[in-house]
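Q: The following block contains the structure, expressed as structure tokens.
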Amino acid sequence: MKLTKGGGMYVASTLLLGVSAVNTGNNLLFLIVAAMLAFMAITGVLGWLNIRGLALSVHLPDEVYAGTDTFLSITLENRKRYLPSFLIRVGVLGGSTSFLLVEKNRPQSGSLLLSFPVRGPLQLAEASISSPFPVNFFVRAASLPIRQECTVFPAPRALPVPAPGGKPDAGESAAIAAAGYDGDLAKISDYRGGEPLKLIHWRLSAKHEEFKVKELTATAAEPLLLDLDLIPGRDLEQRLSFGTFLVNRLVKGGRPVGLKLGERVITPGSTRSHRLKLLTELANYGKN
């Protein structure tokens, strides 16, 4: 319980009137002091009941990166039998969010912004709740267990990415599919000469004066194995940050990527679950 500035003045006034009542024997002062003490007791009980019977659950996104602001979703539920809760503030690791009213069987959702400075496993054991209700004399607080676990990935740092054709990736916002001969149909275009006969669209060409050819996308890029020891960087943390960026950029671009961490080798893959597995390996590297 924390005493606010207004609460301190109220307590000081009550004590001053109490001393005056004792010294003067004035019954009116005794009645005023008794009323003030009764008010303090009633508000204390109401404030205590206000933060009881609450349950809290939190949810972190699948991807949490060190040094990056992350939204933590919070759901607050009132499990008291009758009374609602008012003016509830929830705090987690220095961040906080407020709920004006939490009624029974009507969970309220909110979010707060957190930043985790260090990569690796993270455990959120408990959160704090507090409230100045019913009057801002005392702020009552309690702790609620949340038991939330996640892995904080290394902070990604940009590094030039080699494209399948050997040219450096300049960071375009949209991926451009390379032309090929064995992929999916991309579009129909005019015959320019030099295209293989198998690419000529004979049925469509019969309806036009010029030959029409099928343009196909290139087949999947060659799998890539990233060796952490060969990634440039002044220290391990910077190499892990570069590795995180490379894994995200390449896998999202459709290229199968694997990892070599010392003597351990993780075979290439291109699914989202595989990407998260690689990021988890990078986050936990050297932590055990």
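Read the figures in this text as sums done on the coordinates, not as results from a lab. Every value quoted in this text rests on a predicted model; they were computed, and no experiment measured them. Counting neighbours? That spans all protein chains shown, and the Cβs are built from the backbone with ideal geometry, glycine included.
Q: Skipping prolines and chain starts, which residues have an amide H placed within reach, meaning under 5 Å, of the one on Gly67, given they are 5 or more residues away or on another chain?
A: Sorted by chain and number, the residues that satisfy this are Phe116, Val118.
Q: Go ahead and run the numbers for FRET between Leu113 and Arg147, Cβ-Cβ distance against an R0 of 22 Å, rounding to 0.05.
A: Working: r = 21 Å, r/R0 = 0.97.
Efficiency for this residue pair is about 0.55.
Q: How large is ³J(HN,Hα) for each residue in the stretch 139-148, as worked out from phi by the Karplus curve 6.51 cos²θ - 1.76 cosθ + 1.60 (θ = phi - 60°), to whole Hz, x for Gly and Pro?
A: Each residue of the stretch 139-148 in turn: 9, 8, 9, 8, 10, 10, x, 10, 6, 9 Hz.
Q: Counting other beta carbons within 10 Å of each Cβ, put Arg272, Arg203, Arg157 in order, fewest first.
A: Details: Arg272 12, Arg203 8, Arg157 16.
If I rank by nearby Cβ atoms, fewest first, I get Arg203, Arg272, Arg157.
Q: The stretch 33-114: which chymotrypsin sites (Phe, Trp or Tyr not before Pro) are DSSP loop and have at most 10 other beta-carbon atoms within 10 angstrom? Before the final figure, lay out the partial values.
A: On the way: sites: Phe39, Trp48, Tyr65, Phe71, Tyr82, Phe86, Phe99; in loops: Tyr82.
Sparse-neighbourhood loop chymotrypsin sites (Phe, Trp or Tyr not before Pro): Tyr82.
Q: Let me ask something else about it. Roughly how many nanometres apart are two label points built 7 Å out from the Cα toward the Cβ at Gln123 and Ser205?
A: Here the modelled spin labels are 6.9 nm apart.
Q: Given points 7 Å out from each Cα along the Cα-Cβ axis, report the Arg106 to Lys277 separation in nanometres with one decimal.
A: For the pair Arg106/Lys277, the computed spacing is 4.6 nm.
Q: Quick one: which residues, 5+ away or cross-chain, put their amide H under 5 Å from the amide H of Val152? H built at 1.01 Å from N.
A: Amide H to amide H, under 5 Å and 5 or more residues apart or across chains, Val152 pairs with Gly120, Leu122.
Q: Read phi for every residue in the stretch 94-106 and hand back ³J(HN,Hα) as whole Hz from Karplus 6.51 cos²θ - 1.76 cosθ + 1.60, θ = phi - 60°, with x for Gly and Pro.
A: Ordered by residue, 3J(HN,Hα) equals x, x, 8, 8, 10, 10, 6, 8, 10, 8, 5, 6, 10 Hz.
Q: Quick query: amide H of Leu261 versus all other amide H atoms, modeled in the peptide plane; which residues come in under 5 Å with a sequence gap of 5 or more or a different chain?
A: The answer is Ile266.
Q: I've got another one for you. With the Cα gyration tensor of the stretch 1-153 giving a ≥ b ≥ c as the square roots of its eigenvalues, does the rule (a/c under 1.5 for rounded; else a/b larger than b/c for prolate; else oblate) give rounded, prolate or oblate? Show your work: numbers first, answer last.
A: On the way: a/c = 4.19, a/b = 2.43, b/c = 1.72.
Prolate is the answer for the stretch 1-153, as a/c is 1.5 or above and a/b outweighs b/c.
Q: Which of Ser273, Ser109 comes first, and how do the rest follow, when ranked by fewest Cβ neighbours within 10 Å?
A: Details: Ser273 8, Ser109 12.
The fewest-first ordering by Cβ neighbours comes to Ser273, Ser109.
Q: Another question about this same structure. Determine ³J(HN,Hα), in whole Hz, for all residues of the stretch 42-48 in sequence, where each value follows from phi through the Karplus function 6.51 cos²θ - 1.76 cosθ + 1.60 and θ = phi - 60°; x replaces Gly and Pro.
A: So the J values, rounded to whole Hz, are 5, 5, x, 5, 4, x, 5.
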